[in-house]
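This report refers to the structure that appears directly beneath it.
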Amino acid sequence: MRLRRPGAGWRRWALVVTAALVLAGCATGELPQNTLAPEGRIARVEDNLWNLVFPIAVAVFFLVQGLLLYALLRYRARPDDDPSVLPRQVAGNTRLEVLWTLIPALILAAIAVPTVKTIFDLSQKPASPLEVRVIGKQYWWEFEYSDEAGNIVTANELYIPTGRPVFLTLEATGQVTDDPSSIGVIHSFWVPKLAGKQDLIPGHQRTMTIEAEKPGSYSGQCAEFCGLSHANMRFAVVALEPAEFDAWVEEHASPQPPPQDELAARGAELFTSRTCIACHAINGYEGAEARVGPNLTYFADRAKFAGYILETTPENVAAWLEDPQALKPGAQMPDLQLSDEDIEALVAYLQTLK
Ligand code: HEC
Ligand SMILES: [Cu+2]
C-alpha cells in the first residue's frame, strides 16, 4: 500500500464526523434520561452547579487548546528551515510558571466553594421526608417503604408523592450463589431527571434524596456495571399527586385475597408446589415471605417487570416463566421446566395480583 499524506478526502471525513457529533448534541426530542432537563428540586440544585462550572470549563478548554494550536502552527518546521540551526533553547520562565499554576489553583478553589456547599446541603436528611429503603439485587431493584407507607415492598417501580422529599437508604445484597465468599457487587441508582447517581455498596448504607415536581414516570437505571444483565437493570420512579399517592399506599398496603377463578386458584396452588414460594413473597398468601425474588403482591399493577424491561402482558409473563434466562441473560430465577398448562394457570393467578 502506498502511504498518502492526509489530503482532501481525509479532511472531508473529519468534517462530516465532527458535524454529526455537533448536531447530535443539538437534539431536542423528549429525552427520558436527560440530566440537563431536571424535574425536581435536587436535580435543579445540581444542574445550577453544572451551569456555573461548565462555562468556566469551556472557556479554559478553548483558551488552552487555542494557545496549543497557535504554538503548533506558528512554530512548526518549514520547508526552507535550515536543519543545522537549533530553535532558541528556553529553560523555564518563572513568571509564566507561577501564573499558570496560580490561576488554575484559584479557579479550582473558587469552584470548590459552591460545589462543597452543595454536596453538604444535599447530603442532609430533609425535614419530614418519605423514607424508602432501596436494595440493589442481581439484576433488579427492591423498594421497601417505611411504616408510614405501610411497609409496602415493590420491585423496579418506586411510587412517590410530588413536592415532597423522598429520603432513600441504599444498600446492595449479595449475589444468590453457593459461594459464601461472594458478597455481591456494586450497583448505582440513577434517575437522571430527579437526582445524580448514588452507588449501592455491599455491606454499606448510603443515603440520598430525590424529589419530583410534577406527576409522571421518570426513567432510571443501574449506572455501575454489575454483570451480564446490567443493561437490563432499569426502573421507574412514578410520581403521583399527594392525595393519589395516599390512595396508592392504602390500596397496596392491603394483602391479596385468595383468587376466585378456578384456573387462577390452580395457579395459586402451583405457586407452592412449583417452589415459587421459596423465592417470592405475596402478602396475604400464607408462607410466601421470601425475598430472593421480587415481591409479587401487586405484580399485575406494574407496567413492566424483570428489571423494567418487559411489559406486563400475559404473553410476556408466560415467556418469562417458560425460560427467564432467554429473556434476561444471567437472571437469578431458574428455568423451572413448567408445562404449558402450569404456565397458563400461573399466569392466570399472577394476573389477579392487582
Ligand atoms: C430460586 C428463586 C426463584 C424461584 C424458585 C422462582 N423465582 Fe421468580 N424470580 C426470581 C428472581 C431472582 C427474579 C428477578 C429476576 C430479575 O428481574 O432479574 C424473579 C422474577 C419473577 C417475576 C417478575 C417479577 C418482577 O416484578 O420483575 C415473576 C412474575 C416471577 N419471578 C414468578 C415466579 C413464579 C410464578 C415462580 C414459580 C413457578 C418463580 N418465579 C420461581 C427468583 C425465583
Ligand atoms: Cu446493577
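The values are calculated or read from the model by the stated rules, or taken from the named source; none is laboratory data. These numbers were taken from a predicted model, which means no experiment stands behind them. Cβ: placed from backbone, ideal geometry, glycine included. Neighbour counts: every protein chain shown. The protein model used for the area step is the full one, side chains on, heavy atoms only, and it has no ligands, DNA or RNA in it. Shrake-Rupley method; radii C 1.70, N 1.55, O 1.52, S 1.80 Å.
Before moving on, here are some points about what is shown:
- The one condition from (1) within 30 Å of Q198 (Cβ to Cβ); (2) part of a loop (DSSP other than H, G, I, E, B) that G92 does not meet is (1).
- Filtered residues of the stretch 319-328 (kept if more than 19 Å from T154 (Cα to Cα) and open to solvent by 30 Å² or more (accessible area, probe 1.4 Å)): A319, E322, D323, Q325, A326, L327
- Here the stretch 10-60 is the region considered, the condition is being loosely packed, with under 13 Cβ neighbours inside 10 Å and of a type in the set (S, T, Y), and the residue that is nearest to F120 (Cα to Cα) is T28.
- Candidates in the stretch 283-308 are the residues that are among the hydrophobic types (A, V, I, L, M, F, W, C) and open to solvent by 50 Å² or more (accessible area, probe 1.4 Å); of these, the one that is nearest to ligand 2 (Cβ to nearest atom) is V292.
- The lone exception for R274 - which of (1) within 10 Å of ligand 1 (Cβ to nearest atom); (2) touching a residue at least 24 places away in the same chain (Cβ under 8 Å); (3) surrounded by 20 or more Cβ atoms within 10 Å (Cβ to Cβ) it fails: (3)
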